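For reference, the structure is listed below as structure tokens.
The values are calculated or read from the model by the stated rules, or taken from the named source; none is laboratory data. The model shown is predicted, which means the values in this text are computed figures rather than measured ones. Methodologically, a virtual Cβ is constructed for each residue, glycine included, from the backbone with ideal geometry; neighbour enumeration extends over all protein chains shown.
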Amino acid sequence: MSKPSFLALAGTVLAVAALAAASGSAAASTRAADASATPTAFLSSLHTISTIGSTVPSNGDANPYGLAAVPTTVGSLTAGDYLVSNFNAKSNNQGTGTTIVELTPSGKLSLFATINAKKLPGACPGGVGLTTALSILPGGYVVVGSLPTTNGMSATAQYGCLIVLNSKGQPVETIAGNNIQGPWDMTSVTNGSTTTLFVSNVLNGGAAAGLVTINNSTVLRIRLSATAGHAPKVQSEQVVANKIPWRDDKAALVIGPTGVALGKNGTLYVADTLENRIVAIPDAMTRTTALADKGITLSSGGHLKQPLGLILAPNGDILTTNAGDGNIVETTPSGHQIATAAGDAKTGAGSLFGLSIAPGGKGLLYVDDGLNTLRLLH
């Protein structure tokens with residue numbers, strides 16, 4: 001693997017200097033405009049929360065984590081619906097959920113998939129416990145992350161895998177190996193016949209040994225061949241960031257890098273939950289080495305309180321959901337926090353993971369695992 005020259009590395013540093021300069025900055029008040037980046041905050045016009053529907057299937061799985069909008073009708077998938085992955089079984093043990101449900105915009109629920117660990121078509125160390133990592137690929141193929149436990153405790157957590165299902169909810173392959181260690185969240189970008197996944201990993205060793213904080217979580221780029229009618233196949237893997245801290249946690253199972261989204265400028269944004277910041281990884285689509293030392297801090301503190309879910313707003317701003325207070329925070333690509341909105345102040349602490357922009361950019365959809373529902377801020 002080739003390594004960039006010193007001059008190339010210096011160029012990268014200069015290119016992201018503006019991002020680094022914004023590290024730690026926050027707007028003095030919410031809904032204040034950042035004239036250099038965004039004249040109007042996306043959140044400024046959103047004031048109402050509506051419940052779309054329950055995410056609990058007939059087997060009682062709970063703790064909805066992943067959320068993905070269905071783009072086209074194929075197989076069991078209907079365009080305009082939403083897929084939601086459940087992390088807990090009916091026992092409420094984390095890392096034991098096995099179902100993906102499909103909800104219509106009116107909240108009608110159906111079961112898309114129940115994944116049996118014993119019938120997977122490939123390796124998945126530890127079994128099945130479906131995480132926030134959830135994407136829909138061309139042809140209706142669905143990729144979902146698994147971070148499994150046997151009893152909901154981090155001491156029994158194992159590395160898991162990514163599970164690929166066809167449009168009828170049937171597993172067709174798994175993606176596992178040394179680079180996949182607790183896949184926690186994911187975003188995908190398709191260009192022609194190639195889909196790129198960016199996966200945040202939170203379990204790079206240690207939980208079973210009773211360790212607390214470890215600085216070795218990663219963000220992984222996976223290239224897939226992805227075309228309609230053909231199951232996606234891995235073309236390459238590249239760790240694009242490492243040394244991000246994580247720790248096991250009795251309440252949350254694990255705390256580490258969560259939401260990921262790719263900006264138009266090629267910068268990947270990551271919610272670093274444990275260090276209470278948004279990380280920027282420049283040249284994420286093309287870099288051939290990992291951005292070490294925990295990545296570049298775009299914004300930290302302020303209104304950010306353990307950010308979990310992360311997505312880009314239609315105006316290019318970064319939306320994150322707080323584990324600490326159930327709020328949603330809007331941050332510009334220059335690192336200024338310009339708006340907040342309440343997602344779930346009552347039970348939202350640690351509950352707001354998967355995010356999706358509503359059709360036409362007219363709101364923000366999110367799962368609320370404190371209430372086991374899909375909700376809409378509009």
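Report whether or not Thr196 is under 27 Å from Asp317 (Cβ atoms) and in a strand (DSSP E or B). So Thr196 fits the description; yes. Across the range 199-214, the qualifying residues are those that are surrounded by 15 or more Cβ atoms within 10 Å (Cβ to Cβ) and assigned to a strand (DSSP E or B), and the one among them that is modelled with the lowest pLDDT is Ile214.
For the range 52-75, the set of residues classified as assigned to a loop (DSSP other than H, G, I, E, B) and buried (at least 16 other Cβ atoms within 10 Å of the Cβ) consists of Thr55, Val56, Pro57, Asp61, Val70, Gly75, listed by residue number. The criterion of at least 1 residues that are among the aromatic types (Phe, Trp, Tyr) is met by the following strands (runs of 3 or more DSSP E) wholly inside the range 221-266: 230-249.
So for the range 173-180 (the condition being part of a loop (DSSP other than H, G, I, E, B), surrounded by fewer than 23 Cβ atoms within 10 Å (Cβ to Cβ) and touching a helix residue (DSSP H, G or I) at 6+ places or on another chain (Cβ under 9 Å)), does at least one residue qualify?
Checking the range 173-180: not a single residue is part of a loop (DSSP other than H, G, I, E, B), surrounded by fewer than 23 Cβ atoms within 10 Å (Cβ to Cβ) and touching a helix residue (DSSP H, G or I) at 6+ places or on another chain (Cβ under 9 Å).
Does the range 284-292 include one or more residues that are assigned to a loop (DSSP other than H, G, I, E, B), buried (at least 21 other Cβ atoms within 10 Å of the Cβ) and aliphatic (A, V, I, L, M)? Taking every residue of the range 284-292 in turn, at least one turns out to be assigned to a loop (DSSP other than H, G, I, E, B), buried (at least 21 other Cβ atoms within 10 Å of the Cβ) and aliphatic (A, V, I, L, M). Candidates Thr187, Thr149: the one that is touching a residue at least 60 places away in the same chain (Cβ under 8 Å) and either surrounded by fewer than 21 Cβ atoms within 10 Å (Cβ to Cβ) or over 17 Å from the mean Cα position of the chain (by Cα) (or both) is Thr149.
For the range 86-129, the set of residues classified as in contact (Cβ under 8 Å) with a residue 40 or more places away in the chain, among the aliphatic types (A, V, I, L, M) and assigned to a loop (DSSP other than H, G, I, E, B) consists of Ile115, Leu120, Ala123, listed by residue number.
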